[in-house]
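Q: One structure, pasted below without further comment.
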Amino acid sequence: NTTAVSDAVFSSLENAVTLTLKMLGMLCFWSGMMELLQASGLAEKLSQLLMPLLRPLFGKAAQDKQAMEAVSANVTANLLGLSNAATPLGLRAVDRLYTLEGRRGTPDSVLTLMTLNTASIQLIPSTVAAVRAACGSAAPFDIMLPVWGASIASVAVVLLSGRLLRPVFPEGK
C-alpha cells in the first residue's frame, strides 16, 4: 500500500528531525559549558585533578601543560557523556601530542588518547539519557550503573591490552 508506506516515511522523518534537533540542543549546551570551563580556568584545575591518573598513561607528553590540558578537556567531556562535544577537544589534544612527537604516525600518547576517547568512562551518560528522554523514557538516567560498569571495564581492558601488546607490535614495525 503506497499510501501507508508514504505515511510511515513522513512520520519517521518527522521523528528523526525532532530527535536530531533535541540532540543538537544538548550538544550545543555541553559544548558551550566546556568552552566556559576552559575560559574560566576550571579546565586547568581539572587538568591538575586528573593529572595523577593521566601522567602514567601519557609518559613524557604529561610534562607538557598545553597537551595535558587538552587531554583533560577531552577526558572530562567523555566523563560527562558528551562524546560529540569531546571530538573537537580530542582533535586539539591529538594535534598537540603530534607536535610534541615532532612527527606524524602513531605515537603511544596519541594511541592512548584515542583509546580513552573511544572507550571512555562515562560518569554521566548525558547523550544516551537525552536520546532516551527524547524517545519518551520516564527515567532516562536509570541506566547509570550499567553504563559505569561497561565503560570502566572497556577502558581497563583496552588500556591493559595496549600495554601488553606493545612489545609484540613495536612502533615502526
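The values are calculated or read from the model by the stated rules, or taken from the named source; none is laboratory data. Small disclaimer: the values here were computed from a predicted structure and weren't measured. With ideal geometry, Cβ positions are generated from the backbone for all residues, glycine too; neighbour counts draw on all protein chains shown. These area figures cover heavy atoms from the full protein model, side chains too; ligands, DNA and RNA do not enter into them. Shrake-Rupley method; radii C 1.70, N 1.55, O 1.52, S 1.80 Å.
Q: Quick one: if the Förster radius is 30 Å, what FRET efficiency do residue 133 and residue 91 give, using the C-beta to C-beta distance and rounding to 0.05? Spell out each step's value before the answer.
A: Numbers: r = 28 Å, r/R0 = 0.94.
The calculated FRET efficiency here is 0.60.
Q: Please work out the average accessible area per residue across the chain, using the 1.4 Å probe convention, and give it in Å². Write down the numbers at each step before the final one.
A: On the way: 10400 Å² over 173 residues.
Each residue of the chain exposes 60 Å² on average to a 1.4 Å probe.
Q: Please report, in debye to the nearest 20, how large the charge dipole of the chain is about its Cα centre when each Lys and Arg carries +1 at its beta carbon and each Asp and Glu carries -1 there.
A: Working: 13 positive and 11 negative charges, 118 e Å.
Dipole magnitude for the chain comes out near 560 debye.
Q: I would also like to ask the following. Counting only protein heavy atoms and a 1.4 Å probe, tell me what percentage of the stretch 25-170's accessible area is made up of carbon and sulfur. Don't skip to the answer; put the middle values down first.
A: Working: 5540 of 8010 Å².
Of all accessible area on the stretch 25-170, carbon and sulfur atoms account for 69 percent.
Q: Something else about it: Compare the peptides 33-40, 85-92 by average per-residue count of other Cβ atoms within 10 angstrom and give them in order, highest first. Please list the in-between numbers first.
A: Working: 33-40: 14.2, 85-92: 20.1.
Sorting 33-40, 85-92 by mean packing, highest first, produces 85-92, 33-40.
Q: Based on DSSP H assignment, which helices of the chain show an axial Cα extent of at least 18 Å together with a mean Kyte-Doolittle hydropathy greater than or equal to 1.6? Walk me through the numbers before you get to the answer.
A: Details: long enough: 2-40 (56 Å, 0.83); 42-58 (22 Å, 0.81); 65-79 (20 Å, 0.13); 83-101 (26 Å, -0.01); 144-165 (31 Å, 1.70).
Membrane-span-like by this criterion, though nothing is claimed about a membrane: 144-165.
Q: Looking at the stretch 30-114, I'd like the Rg to Rh ratio, where Rg is from alpha-carbon atoms and Rh is Kirkwood's inverse mean 1/r.
A: Working: Rg = 12.0 Å, Rh = 12.7 Å.
Ratio value, two decimals: 0.95.
Q: Over the chain, what is the mean sequence separation of C-alpha contacts under 8 Å (at least six apart), divided by residue count, expressed as relative contact order in percent? Please report the intermediate quantities before stating the final value.
A: On the way: 148 pairs, mean separation 35.3, N = 173.
Reported relative contact order: 20 percent.
Q: May I pose another question? For the stretch 4-86, build the charge dipole from Cβ charges (+1 Lys, Arg; -1 Asp, Glu) around the Cα centre, then report which of 72, 39, 27 sits farthest towards its positive end.
A: Looking along the dipole axis, the top candidate is 72.
Q: If you build the Cα gyration tensor of the stretch 61-111 and take the root of 5 times each eigenvalue, what three semi-axes come out, in whole angstrom, biggest first? If you can, show how the numbers build up before the last one.
A: Details: eigenvalues 77, 25, 13 Å².
Semi-axis lengths for the stretch 61-111 are 20, 11, 8 Å.
Q: Between residue 8 and residue 45, what is the FRET efficiency for a Förster distance of 41 Å, r being their Cβ-Cβ separation, to the nearest 0.05?
A: According to the calculation, E is roughly 0.20.
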